[in-house]
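A short write-up of the structure that comes next.
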Amino acid sequence: MPASFKQQTVLLVGAGAVGATIAAWLAPKLKNFYVLDQGETLKAIAEKGVSSYLQHHKQATENTRVKTVASFKECPKPDIILLCVKNYSLDGLSQAILDVYGEQALKDIVVVGLQNGVENQQILPKYFPKLVYGIISFNAWLDEPGVVGYQAKGPFIFGTPDNSLQTEVERVTSVFNLGVEAIASRHFQDAALSKMIINLTNSFTTLMGLGYREIDHPSLFQKILSQLTYEGVKIVKASGHKECKVGDIPSWFIISASAKLPQFLTRKVFNKNVKKMVVSSMAQDIIQNGRSDNELDGINGYLLELADKFNVEAPYNKAMYRLCRQAFSQEKFEPISVEEVWQQMALTS
């Protein structure tokens with residue numbers, strides 16, 4: 001690995017679950033790696049570093065010391081800025097970065113959007129000329145500020161929708177490969193939409209509280225989850241995109257088989273994939289942190305717009321979207337059972 005990659009100044013903004021894992025993996029490899037956050041998160045990482053562990057291996061937690069800054073002005077001018085906040089925070093953060101560095105300086109800074117879905121592709125180009133996008137192929141969760149668990153160590157997939165800025169894509173990929181597997185892709189949009197199919201399930205698993213309560217009706221759980229993702233496959237196919245491998249997410253063949261075949265034939269494979277599932281980022285926002293902002297429109301809403309555009313029937317996703325919009329808007333959301341989800345989906349469909 002060329003030494004120049006190790007000399008890059010990298011500023012990571014937002015040390016939530018994904019940001020904290022990146023910090024744990026890259027900070028030991030980069031002399032000039034900084035994390036910007038605020039409040040309890042900044043305080044915890046400044047004092048104790050980041051503690052990270054692989055799922056089911058908490059006894060092997062590793063601690064990493066990380067340089068922290070409380071403002072952009074405290075950090076040396078970065079070569080790369082990693083944006084690890086949700087889509088709903090991007091406009092405000094991007095404007096703040098533009099205000100600090102100015103248009104001229106930003107021509108030399110590579111900004112990396114690390115969000116679910118493709119909504120960031122509508123927001124970030126308004127502010128930054130050198131944009132690379134990343135896909136996170138694993139789940140991660142915060143036990144508390146600065147303490148993070150992760151499902152797998154990568155990989156990250158980097159690229160641009162139009163395959164521009166390949167030098168910058170390779171640079172970001174090389175920096176990440178210092179500490180974690182990363183891939184430069186020329187099929188980025190296919191990969192992004194392939195991942196979005198799996199993200200469709202976040203709404204359902206949040207609604208029924210996966211990770212916070214037991215699955216009360218396994219066969220209905222499989223039916224709903226399988227149909228949501230199978231409709232997603234049909235939508236993405238109809239939009240002209242192709243399947244792209246993203247980490248170890250289920251293939252379109254497995255997704256289709258789970259939706260079409262009798263459950264006794266598919267249950268073993270389905271249960272194997274369910275065991276990999278952890279509390280989703282949407283559930284962390286809504287249940288764990290009590291936030292009203294969420295990714296429902298950016299993921300489920302976006303794919304439903306594609307369904308309408310390409311005349312794809314998506315009754316499960318339409319019912320789930322309407323049900324979640326109503327449920328997540330409540331002042332205090334409480335998860336409901338799988339059977340209740342099924343009954344209420346039938347009422348709203």
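Some observations on this one:
- Between the range 180-199 and the range 279-315, the alpha-carbon center distance in angstrom: 18
- Straight-line cross-link reach from K276 at under 19 Å between alpha-carbon atoms covers these lysines, not counting any fewer than eight positions away in the same chain: K58, K153, K195, K223, K245, K268.
- Sparse-neighbourhood loop sites, trypsin sites (Lys or Arg not before Pro) in the range 218-275 - DSSP loop, at most 11 other Cβ within 10 angstrom: K275
- Based on C-alpha pairs under 8 angstrom that are at least 6 apart in sequence, the chain has a relative contact order of 15 percent.
- Each residue of the range 93-102 is assigned a 3J(HN,Hα), and the resulting list reads 5, 4, 5, 5, 5, 4, 5, 6, 8, x Hz, derived from the Karplus form 6.51 cos²θ - 1.76 cosθ + 1.60 (θ = phi - 60°), x at Gly and Pro.
- Helical contribution to [θ] at 222 nm, DSSP H n ≥ 4, -39,500 (n - 2.57), averaged over the chain, rounded to 500: -13000 deg cm²/dmol
- In a reduced charge model with +1 at each Lys and Arg Cβ and -1 at each Asp and Glu Cβ, the chain shows a dipole moment near 900 debye about its Cα centre.
- The range 200-302: GluC sites (Glu not before Pro) in DSSP loop, at most 12 other beta carbons within 10 Å: E214
- Total charge dipole magnitude, the range 109-187, about the Cα centre, Cβ charges on Lys, Arg, Asp, Glu only, Debye to nearest 20: 220
- Surface accessible to a 1.4 Å probe, R213 within the full protein complex, Å²: 100
- Rounded to 10°, Cα long-axis angle of helix 188-199 versus longest principal axis of the chain: 50
- Among beta bridges from DSSP that stay inside the range 54-179, the antiparallel ones total about 50%.
- Taking the DSSP beta bridges with both ends in the chain, the antiparallel portion is around 30 percent.
- Alpha-carbon centroid distance for the pair the range 224-248 / the range 5-28, whole angstrom: 30
- Per-residue ³J(HN,Hα) for the range 127-135, Karplus 6.51 cos²θ - 1.76 cosθ + 1.60, θ = phi - 60°, Hz, x for Gly and Pro: 10, 10, x, 10, 10, 10, 10, x, 10
- Only the Cβ atoms of Lys and Arg (+1) and of Asp and Glu (-1) were treated as charged; on that basis the dipole of the range 220-261 about its Cα centre amounts to roughly 120 debye.
- FRET efficiency, H57 to S219 (Cβ-Cβ, R0 30 Å, nearest 0.05): 0.45
- Extending 7 Å from the Cα toward the beta-carbon at both E47 and Q326 defines two label points whose distance is 4.5 nm.
- Shown for the chain is the translational diffusion coefficient from the Stokes-Einstein equation, using the Kirkwood radius over Cα pairs, a temperature of 10 °C and a viscosity of 1.306 mPa s: 76 µm²/s.
- Using the Cβ-Cβ distance between D308 and L265 with R0 set to 22 Å, the FRET efficiency from 1/(1 + (r/R0)^6) comes to roughly 0.10.
- The C-alpha radius of gyration of the range 108-265, expressed as a fraction of 2.2 N^0.38 Å, stands at 1.15.
- Whichever aspartates and glutamates have a C-alpha closer than 12 Å to that of K67, once near sequence neighbours (fewer than 8 apart) are set aside: D37, E47
- Between the residues V175, N32, V341, the greatest Cα displacement towards the positive end of the dipole of the chain, with unit charges on the Cβ of Lys, Arg, Asp and Glu, is found for V175.
- Global dimensions of the range 276-349 from alpha-carbon coordinates: Rg and Dmax equal 13.1, 37 Å.
- The long axis of helix 263-274 is offset from the longest Cα principal axis of the chain by roughly 20 degrees.
The values are calculated or read from the model by the stated rules, or taken from the named source; none is laboratory data. On a predicted model such as this, the values are computed, not experimentally measured, just so you know. Using ideal geometry, Cβ is built from the backbone for each residue, glycine included, and neighbour counts are taken over all protein chains shown. Calculation scope for accessible area: heavy atoms of the full protein, side chains included, ligands and nucleic acids excluded. Shrake-Rupley method; radii C 1.70, N 1.55, O 1.52, S 1.80 Å.
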